[in-house]
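Nothing in this text is a laboratory measurement; each read-out follows from the coordinates by a stated rule. Bear in mind that the values here come from a model prediction, so they are computed numbers and not experimental data. Here the Cβ is made from the backbone with ideal geometry for all residues, glycine too, and neighbour counts use every protein chain on show.
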Amino acid sequence: MKKRGIGIGCTFYGTGYGNGFPDISTAFVEIHDDGSVLILTGAVDCGQGSTTVLTQIAAEELGIPTDMVTITCADTGCTPDSGTTAATRQTYTTGNAIRLACQKAKKTLLEWAAKELGTNTIEGLVIAEGKIMVKGHPQKSITFKEACAKARFAGNRLIGEASFTTHATQVNMEDGQGAPYWPYAFGTQIAEVEVDTETGKVEVLRIVAAQDVGKAINPQSVEGQIEGGVAQGLGWSLLEEVKLSSGNITNPAFSSYLIPTVLDMPEIETYIIESHEPTGPYGAKGVGEPAMLSAAPAILNAIHDAIGVRINDLPATPEKILEALQEKK
Amino acid sequence: MIGTKSFEAIVNGEQVKLNIPQNLRLIDVLRNYLGLTGTKEGCGEGECGACTVLVDGEPYNSCLLFALQVQNKNILTIEGLASYNNLHPLQESFLEHGAVQCGYCTPGMLLVAKALLDKNPNPTREEIKVAISGNLCRCTGYSKIVDAISAVAEKGVKR
Amino acid sequence: MTIGKSLPRYEGLGKVTGQAKFPADYYMPGMLYGKTLRTPLASAKILRLDTSKAESLRGVAKVVTAQDIPGENGHGVIFPDAPILVEDRVRSINDAIALVAAESEEIAEEALSLIKVEYEELPAVYDPREAMKEDSPLVWDKGNILYHLPIRKGDVEKGFREADVIVENKYSTQMVDHAFLQPEAALSYIDETGNLVLRVATQYVHWDRTEIARALNININQVRVVCATVGGAFGGREDMTLQLHCSLLTWLTKRPVKMVYSREESFKAHSKRHPIYMKYKTGCTKEGKLIALEAEFIGDAGAYSSWSPNILRKSAVHATGPYYVPNVKVDAYAVHTNNPFTGAMRGFGAAQPPIAYEAQMDLLAKELGLHPFTIRWRNAFEEGSETATGQILETSVGLKETLLATAKAYGWDVEKLY
Ligand code: FES
Ligand code: FES
């Protein structure tokens, strides 16, 4: 018989290395004669999309389109240390470093432009539509490109360097009290499953996933992280297990270590929640790891809802489910 | 010692003639002899699809074929799908729909999708899933890959 | 304005055209192929290691054993306790015994088969709960318990006395692999200044550089690590795998060396997700308010430390789930065994506790006749909530919004469920 059930999983995740560890990213920026920009940072993009997000942050801060931004990442011969691509930290930590570096380069440019446009503060200027304009009097302006070339020719160097440290406090080893991570990310997923009580096979029919990311710098990338996270959570709860015999791995192959194929995956609905993290770049905090947390508990709870037995020992394979059903009888 | 043999095929539209060891896999000829490194090896055992190429229009795992098994055939690798300046609609769709994360599965996915659409220009979502079910992706959860392929199908673009 | 826009991937063009270069896609004229000899045993002593046959095989440029390492023979993200090449004591099947660089992959493979190793098998322990016992075989002489973090908040005994419902259960999670699609690969060479260059898929080029300099006993500025396109990582590329081996072979031969793992070797070389054995006792009031929680985590660290202390710390800190609980007692242990070592994997110790705490929430709800949404809603963190470690969540606590969004998508009548 096929039985359906619904289960929910709520989770949270402290981002960053945590526990007072030096969690630092550094970035360099240089604006060229024609207003195009080079960013240097040590942040590796493992495929999750940090490079794209970091160019967006640089472009936003400088008020220019992203196609004017080039970024070189992760070459110790030319990029500064930006920490590990881990702990869901690159958007937040390196994003903040890039933002600060861009602000420094921009300041040099705007100081030159303020004089050129007869304004007495750089706060009186705004960069938009390829121009540097006087606030409240946009008729007075200079193109961004011309300003860069002229400022440089006048002897300025439009460069910026900045480091950003993610704040965290050690926990006390006696009672664990402390403020070990910041910021925390939150998520909920609800899964609907169908369990075949004859075969023990679980089919995940639907997953709805909502993730609080502070601010989605690139919503499509955020969705991609959530969908990929759901797949890994699904694999973890139902399929995957490194089998050991006397410490040796007996299934080191995709034929015996099963990861989800497209046919194992349900349609996934994602909801991006933007709670705005004031310390994050444009309100952003990370999404990578938190996105994989909620699927597994939601699926296990859905199995319980469907057939009234709990699998508390992962993964919930058909054999375990049949055994649990047998015991219940 | 294993002897060498002459190998001839059309690879990405060009006639290729090489002397190769008899037991050389197709993936090794492509990558090591022809410099076509867009074809990826994820398992070497026919289980992941990263090494997919089209042989006379049909998708094959190039890690499971000896090169000599495709003697005189027409082989398409990712490098033959398009150039930088002139992307195939599937490539554009993969970019537009965010179907690429780390990109290691991407060449195989694109070629399987091309083989599908060449035969069946308007597949259902289910048919797309079945077509790519031999190709593993660890990053995307597949949603956006299926979206990207079905968007091309809906447009009815075929090349 | 570009924030909030779904711009296509910066490096997407290279990835859809097959032009993006992953590490195995680099070739150099005159390069050697590197291969690793690994141990078949998880706990043993090396009695004799004979590489002479391999060395005299035609086409073999170099055979490297522990004695040839110019610098420190150890690596690790916290403690450098994992050997680059085993000197005498094998502690897990992760261990590499010797390296070969040869003119072709086939010759390198053949050379591996010519290396003779005599082992004496030693007692081993494969379950962290066993490894905690007094009489367990020792993975390390200093003892098997690597880390313990207690969390104590409020008074759990009192909390359980005041609870109307208590549920108590055991949970366990399995060892899993990152299974990123691109197996480890690297190419190293000496550049025109005499410095070492390594192209590799990694998560942190600057850390790799530090480890390499330490192993080769050279200055950090003599090493350059360039990240190739990375085919997924998920934590599995944080600890060194072939970075140090490839660099050693190049440094000792002064020739370019390429190493590419098979899928099988990839499984054996990189870290795994911690299996964690969890005990939970959770109490709440009739209204469904959590009042006390006690949890124990025993995590299998495998033979080497990697990130284990940080990972079990993360389990402890996340033990309550995203819920306010006034009385909390948690003990988290990382324990060595002779299993493959465990380390970072997406979720990093915060992934396992939800298997337990979310089950407990459902069980409590069931006892009380509450909807699963309701019990979560009534305890959910909000701005200003205090965690088990006494941290006040001051900003951006979007948990309730995520609950609402998902519940509404399923058509739950949330107004009636608060
Ligand atoms: S490499 Fe050929 S199927 Fe995996
Ligand atoms: S995008 Fe990484 S495996 Fe598919």
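Using the count of nearby Cβ atoms within 10 Å as a rough guide to exposure, how do C:GLU238, A:GLU269 rank from fewest to most?
If I rank by nearby Cβ atoms, fewest first, I get A:GLU269, C:GLU238.
Using 7 Å Cα-to-Cβ label points, what is the C:LYS116/C:LEU13 separation (nm, one decimal)?
Spacing of the two 7 Å Cα→Cβ label points: 5.9 nm.
Based on DSSP H runs of at least 4 residues, each adding -39500 (n - 2.57), what is the mean residue ellipticity at 222 nm of chain A after dividing by all its residues, to the nearest 500 deg cm²/dmol?
When only DSSP H runs of four or more count, the value is -8500 deg cm²/dmol.
Testing the spin-label approximation: label points 7 Å from Cα along Cα→Cβ at C:GLU87 and C:ASP141. State their distance in nm.
1.1 nm
Mind giving me the FRET efficiency for C:GLU72 and C:LYS366? R0 is 45 Å, r the Cβ-Cβ distance, nearest 0.05 is fine.
That pair, C:GLU72 with C:LYS366, gives E of 0.25.
Using alpha carbons only, how many degrees (0 to 90, rounded to 10) separate the axis of helix C:308-317 from the longest principal axis of chain C?
10 degrees
After finding the eigenvalues of the alpha carbon gyration tensor for the stretch C:192-282, what semi-axes result from the square roots of 5 times each, listed largest first in whole Å?
Those come to 31, 15, 12 Å.
How big is the shadow of the Cα convex hull of the stretch B:1-156, averaged over all directions, in nm²?
Taking the Cα atoms of the stretch B:1-156, their convex hull projects to 9.0 nm² on average.
Other chains near A:266-273: what is the mean number of their Cβ atoms within 10 Å of each residue's Cβ?
Mean inter-chain Cβ contacts per residue within 10 Å come to 5.
With 10 angstrom as the radius, rank C:LEU293, A:LEU314 by how many other C-beta atoms surround their C-beta, starting from the fewest. Please report the intermediate quantities before stating the final value.
Values: C:LEU293 29, A:LEU314 23.
In increasing order of surrounding Cβ atoms, one gets A:LEU314, C:LEU293.
Would you mind checking the tilt of helix A:318-328 against the longest principal axis of the Cα atoms of chain A, expressed as 0 to 90 degrees and rounded to 10?
50 degrees
Select from the stretch C:317-418 those trypsin sites (Lys or Arg not before Pro) which occupy a DSSP coil region and have at most 13 other Cβ atoms within 10 Å, ordered by residue number.
Here no trypsin sites (Lys or Arg not before Pro) fit, given the DSSP loop and packing criteria.
Other chains' Cβ within 10 Å of C:89-100 residues: what's the mean?
If you average over the peptide's residues, the count of other-chain Cβ atoms is 1.
Compute the length gained on full extension between C:ASN195 and C:GLU264: take 0.36 nm times their separation in residues and subtract their Cα-Cα distance, giving the result in nm to one decimal. Write out the running numbers ahead of the final one.
On the way: separation 69, 0.36 × 69 = 24.84 nm, distance 3.21 nm.
Stretched fully, the C:ASN195-C:GLU264 segment lengthens by 21.6 nm.
What is the calculated FRET efficiency for B:SER133 to B:ASN74, with r their C-beta to C-beta distance and R₀ = 30 Å, to the nearest 0.05?
My answer for the efficiency is 0.75.
Which pairs in the list C:LYS158/C:LYS289; C:LYS286/C:LYS416; C:LYS133/C:LYS153; B:LYS17/B:LYS73 are over 20 Å apart, alpha-carbon to alpha-carbon?
Flagged as over cut-off: C:LYS133/C:LYS153.
Taking the Cβ of each residue in A:GLU267, C:GLU211 as the centre, tally the other Cβ atoms inside 10 Å and list the residues starting with the fewest.
Arranged by neighbour count, lowest to highest, A:GLU267, C:GLU211 become A:GLU267, C:GLU211.
Tell me, what is the percent relative contact order of the stretch B:8-142, built from C-alpha pairs under 8 Å that lie six or more residues apart?
Relative contact order here is 27 percent.
Please report the relative contact order for chain A, taking Cα pairs under 8 Å with a sequence separation of at least 6, and give it as a percent rounded to a whole number.
26 percent
With a ≥ b ≥ c taken as the square roots of the eigenvalues of the C-alpha gyration tensor of the protein assembly as shown, please select rounded if a/c is under 1.5 and otherwise prolate if a/b is larger than b/c or oblate if it is not?
Taking the square roots of the gyration eigenvalues as a ≥ b ≥ c, the protein assembly as shown is rounded.
Along its principal axes, what span do the Cα atoms of the stretch C:318-418 show, with the longest given first and each in whole Å?
For the stretch C:318-418, the Cα extents along the three principal axes come out at 52, 28, 26 Å.
If you take the C-alpha gyration tensor of the stretch A:106-250, multiply each eigenvalue by 5 and take the square root, what semi-axes do you get, largest first, in whole Å? Show your work: numbers first, answer last.
Working: eigenvalues 594, 106, 56 Å².
Equivalent ellipsoid semi-axes, largest first: 54, 23, 17 Å.
Under a plain spin-label model, where a point goes 7 Å from the Cα along Cα-to-Cβ, how far apart in nm are C:GLU134 and A:THR250?
3.4 nm
So what is the calculated 222 nm ellipticity per residue for chain C, using -39500 (n - 2.57) for each DSSP H run with n of 4 or more, over all residues, to the nearest 500 deg cm²/dmol?
That calculation yields -7000 deg cm²/dmol at 222 nm.
Using only C-alpha atoms and all pairs of different ones, pull out the Kirkwood radius for the stretch B:4-80 in Å with one decimal.
12.0 Å
Over its Cα atoms, what ratio of radius of gyration to 2.2 N^0.38 Å does the stretch B:89-155 give?
Taking the Cα Rg and dividing by 2.2 N^0.38 Å, one obtains 0.95.
Provide a whole-number value for the mean count of partner chain Cβ atoms within 10 Å of the Cβ atoms in peptide A:212-225.
Other-chain Cβ atoms within 10 Å of each residue's Cβ, averaged: 6.
Computed on alpha carbon atoms, what radius of gyration and Dmax characterise the stretch C:10-107, expressed in Å?
When restricted to Cα atoms, the stretch C:10-107 yields Rg and Dmax of 17.4, 53 Å.
Any idea what angle helix A:50-62 forms with the longest principal axis of chain A, computed on alpha-carbon atoms, 0 to 90 degrees, nearest 10?
30 degrees
Could you work out the pair-distance distribution P(r) of the stretch A:31-70 from its alpha-carbon pairs, with 10 angstrom bin width and percents rounded to whole numbers?
Final binned percentages: 31, 53, 16, 1.
Lysines near A:LYS145 by alpha-carbon distance under 20 Å, same-chain residues fewer than 8 away left out - which ones?
Once the sequence-local lysines are set aside, what remains near A:LYS145 is A:LYS104, A:LYS106, A:LYS107, A:LYS115, A:LYS131, A:LYS135.
Considering Cα pairs under 8 angstrom that are at least six residues apart, work out the relative contact order of chain C and quote it in whole percent.
Once divided by the residue count of chain C, the mean separation gives 19 percent.
Rounded to the nearest 0.05, what FRET efficiency do A:ALA154 and A:PHE21 have when you use their Cβ-Cβ distance and R0 = 56 Å? Each step should come with its number before you reach the end.
Numbers: r = 43 Å, r/R0 = 0.77.
E(calc), rounded to 0.05, equals 0.85.
Mind jotting down the three principal axis lengths of the stretch A:171-329 based on Cα atoms? Whole angstrom, largest first.
Principal extents (Cα only, largest first): 52, 42, 34 Å.
Based on the Cα coordinates of the stretch A:25-163, what is the per residue volume of their convex hull in Å³?
In the stretch A:25-163, the Cα hull volume divided by residue count equals 97 Å³.
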